[in-house]
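In what follows, a single structure is set out as structure tokens and then discussed.
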Amino acid sequence: MSPTRRLAGLPCGRRGKWVVLALWLVLLVAAGPLAGRLTDAEDNQASSWLPGNAESTRVLAEQREFQPVDTAQAVVVYVRDTGITPADRAEAARDAEAFATAPHVLGRVSGPVESADGKALQTVVPIDIGTGGWQDLRPAVDSLRATAAADSLGMTTHVTGPAGIGADQAEAFAGIDSTLLAATVTVVIVLLLLTYRSPVLWALPLFSAAAALVVAQAVIYLLAEHTGLTVNAQSAGILIVLVLGAGTDYALLLTARYREELRRHRDRHEAMAFALHRAGPAILASSATVAASMLCLLAAEMNSTSGLGPVCAIGVVVALAAMLTLLPALLVIVGRWVFWPVRPAFGTPEPTTTGRWAHIGAWIGRRPRKVWTGTALALAVCCTGLVWLNATGLSTAGTFTGTPDSVTGQEVLAEHFPAGTGAPLTVVSAAGGAGAVRAVTLDTAGVAGASEPVVHEGRAMFRATLTDPPDSGAAEDTVDRLRTAVHAVPGADAGVGGSTAVILDAGRAATSDNRTIIPLVLGVVLVILALLLRAVTAPLVLIATVVLSYAAALGISAFFFEHVFHFEGQDNAFPLFVFVFLVALGIDYNIFLMTRVREEAAHRGTRPGAVAGLAATGGVITSAGLILASTFAVLGTLPVVGFAEIGFAVALGVLLDTFVVRSVLVTALTMDLDRHMWWPSPLSRPPARPAREPSAQPGGA
């Protein structure tokens, strides 16, 4: 037995299987409590999402010198269309006194202030964000809303501002882990039942994937607590979907190969050893591709994007470990009966060799060039939907699939007060230049007013109110003008921050990340494919097909977002996230297919090898694609536009790659290029001609 096959047999040996199971059970007992504490380690404060070197981030850090804790302004708005009455003013004043005792309220409550049109009042309440980030905003904002609405004397009340918006965002993300976990597990169970048509087999892949998720969450919790790894609600939610989706994919591939080998070997231990030996490299290369692609996100300027990379990479690596150790051990322990009612008995024929995918492969083989050119043209047509792509960021209202109270309140506030009242800019400077900085601030177009500077240890800070809504393009233009003005004040060392500045800096950082990370991911994937397939042509062809698939999925998604869902646009980081997930996961299926085609081509030739490879992997890859697409589609259950868009686009892209790109386009290209697909490996050389028989000599016997 070769060393690699002997190594592959360790997790499924007669004794090794029990050792592996015991080790995983011990690991789960230790990891369970730690995994449950991952939510406590999440950092959802603004600094965990912002670009680390942005001016708004530096201002946010310096702002803490002027106030002992991070605060967010809640703006309570009272509206009466017929005009505010004296009783309304008295009631709002009593509310302001009550607000001071609300949970997490810290600092002076300002107001109520009446609007110029006499139809609205506003009270500004500072709320301690605390270590829990936006989660600490919810109890305070809930208390403000209850107090303001309790006796409003017929006025309409809303709570908006950064604190109100943050609380509604926290509400949207509430229970994200449990919601995603329950929905994803349900989807996986249903699809595994349909795939295996067995009432028990589905439990083993699901248990293995769940074990991987628990261990991954525990590892990430420890790294977040002791190494400073940034974890937030976004990365924690995507981790669940990725581990369960990718882990189940690996399980399907291994289980399908194991079922093949059971028909060739009497001993199930030997069958699993062969299955691991044959399928292991493809699964390993697939996980390496995903993990390496995710680690490319470390190059991102955005802290939220940079932190997502290692979180997802850890999840994929742990999923790989579970599917190459725990799952083989479980399958061998339970024996062949787990496949009931269709047990793969020794000596029975492999049904995939004459199934639907074998017929599709034969059909493609009759006209491969027409098939791949027609498919590529159809995908190119789908790419035209990119004209509706609007990944320039989302306004506050555009981030929610519904219309929460804070969004309505912001619209009311903009109608009766200067639009930027609830979210002023923060300007910091040297104390000596504070007067000059404030003067140029008031002279800047788009600034409605500025507070008096507060001085602390040689630095000064004041607030500037904008005339435009804080999430508008006009407000961002004002930030640019103001920064140019204050930076020009000699010796002031001034900076401009605040929510509008944060939106501006985050958008620019995301655009920069797109330009940096997308080529980096392509390069990493290309190298891994070249090493795996030991060729140059095949990796270039596969990369081209995945990029085409990505562009087509993005085009179709943009069309649906604009004309069906009527979303406002896309987040700046949307193209990057979709690209990383689709390229990393889409290349998975090409790896599964092409490693099998290469294996078959070594003794059949490339054209028949492509048919055999498609026949052997078509069913399992299709099932894997359906499961992965469904798990990402679960993100659409959250009332957050960013998640819904990522879930829709990735799910669509995975389905497109599974049913069109991998099964049709790649197969047709492989057949058309034939042996040239493997250049410059030995498989690309023409077959040796058989030696000619020596001609008979005249007069020979």
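So how many residues does the range 391-431 have that are more than 30 Å from residue 157 (Cβ to Cβ) and without any contact (Cβ under 8 Å) to a residue 60 or more places away in the chain?
1
So which of 608, 680, 639 is outside the structural domain of residue 247 (by TED's automatic domain parsing), within 30 Å of residue 393 (Cβ to Cβ) and surrounded by fewer than 24 Cβ atoms within 10 Å (Cβ to Cβ)?
Among 608, 680, 639, only 639 is outside the structural domain of residue 247 (by TED's automatic domain parsing), within 30 Å of residue 393 (Cβ to Cβ) and surrounded by fewer than 24 Cβ atoms within 10 Å (Cβ to Cβ).
When you look at residue 501, is it closer than 24 Å to residue 599 by Cα and either in a helix (DSSP H, G or I) or touching a residue at least 60 places away in the same chain (Cβ under 8 Å) (or both), yes or no?
For residue 501, the condition - closer than 24 Å to residue 599 by Cα and either in a helix (DSSP H, G or I) or touching a residue at least 60 places away in the same chain (Cβ under 8 Å) (or both) - is not met.
Being aliphatic (A, V, I, L, M) and closer than 13 Å to residue 648 by Cα is the filter; apply it to the range 553-582 and report the residue that is surrounded by the most Cβ atoms within 10 Å (Cβ to Cβ).
Only one residue fits best here, namely 553.
So which pairs qualify, if the first residue must be in the range 333-362 and closer than 23 Å to residue 18 by Cβ, the second must be exposed (fewer than 13 other Cβ atoms within 10 Å of the Cβ) and modelled with pLDDT under 75, the Cβ gap must be under 9 Å, and the two must be at least 6 apart or on different chains?
No pair meets every condition.
Being touching a Leu at 6+ places or on another chain (Cβ under 9 Å), over 19 Å from residue 285 (Cα atoms) and surrounded by fewer than 18 Cβ atoms within 10 Å (Cβ to Cβ) narrows it down to one of 343, 367, so name that one.
Just a single option satisfies the conditions, and that option is 343.
Check off (1) farther than 21 Å from residue 532 by Cβ; (2) buried (at least 24 other Cβ atoms within 10 Å of the Cβ) for residue 316 and give me the number that stays unchecked.
Condition not satisfied by residue 316: (1).
Restricting the range 477-516 to residues that are of a type in the set (Val, Ile, Thr) and closer than 13 Å to residue 429 by Cα, which is surrounded by the most Cβ atoms within 10 Å (Cβ to Cβ)?
496
Taking the options 377, 320, 326, name whichever one is farther than 28 Å from residue 597 by Cβ and either under 31 Å from the mean Cα position of the chain (by Cα) or at pLDDT 95 or above (or both).
Just one listed residue meets the conditions, 326.
Return the residues of the range 256-274 that are crowded, with 24+ Cβ neighbours inside 10 Å and in contact (Cβ under 8 Å) with a residue 60 or more places away in the chain; say none if nothing qualifies.
The answer is 258, 262, 272, 273.
Inspect all residues belonging to the range 327-336 and state whether any of them is part of a loop (DSSP other than H, G, I, E, B) and farther than 22 Å from residue 244 by Cβ.
Checked against the condition, which is being part of a loop (DSSP other than H, G, I, E, B) and farther than 22 Å from residue 244 by Cβ, the range 327-336 yields at least one hit.
Go through (1) outside any helix (DSSP H, G or I); (2) under 30 Å from residue 505 (Cβ atoms) for residue 345 and report which single condition fails.
Of (1) outside any helix (DSSP H, G or I); (2) under 30 Å from residue 505 (Cβ atoms), only one is false for residue 345: (2).
Can you name every residue in the range 85-118 that is touching a residue at least 40 places away in the same chain (Cβ under 8 Å), buried (at least 18 other Cβ atoms within 10 Å of the Cβ) and part of a loop (DSSP other than H, G, I, E, B)?
If the condition is that a residue be touching a residue at least 40 places away in the same chain (Cβ under 8 Å), buried (at least 18 other Cβ atoms within 10 Å of the Cβ) and part of a loop (DSSP other than H, G, I, E, B), then 102, 115 are the ones that fit.
Tell me which residues, restricted to the range 578-594, are modelled with pLDDT under 85 and not aliphatic (A, V, I, L, M).
Passing the criteria: 581, 586, 588, 589, 590, 592.
Tell me, please, whether a residue that is within 24 Å of residue 291 (Cβ to Cβ), among the hydroxyl-bearing types (Ser, Thr, Tyr), part of a helix (DSSP H, G or I) and modelled with pLDDT of 85 or more can be found in the range 510-532.
yes
Which helices (runs of 4 or more DSSP H) does the range 598-701 wholly contain that include 3 or more residues that are modelled with pLDDT of 90 or more?
641-656, 667-673
Could you please tell me which pairs satisfy a Cβ distance under 8 Å, a separation of 6+ or placement on different chains, a first residue in the range 525-544 that is on the phi > 0 side of the Ramachandran plot, and a second residue that is in a helix (DSSP H, G or I)?
From residues that are on the phi > 0 side of the Ramachandran plot, the pairs are 534/678.
The values are calculated or read from the model by the stated rules, or taken from the named source; none is laboratory data. Model, not experiment: these values are computed from the prediction. Cβ atoms come from the backbone with ideal geometry, glycine included; neighbour counts cover every protein chain shown.
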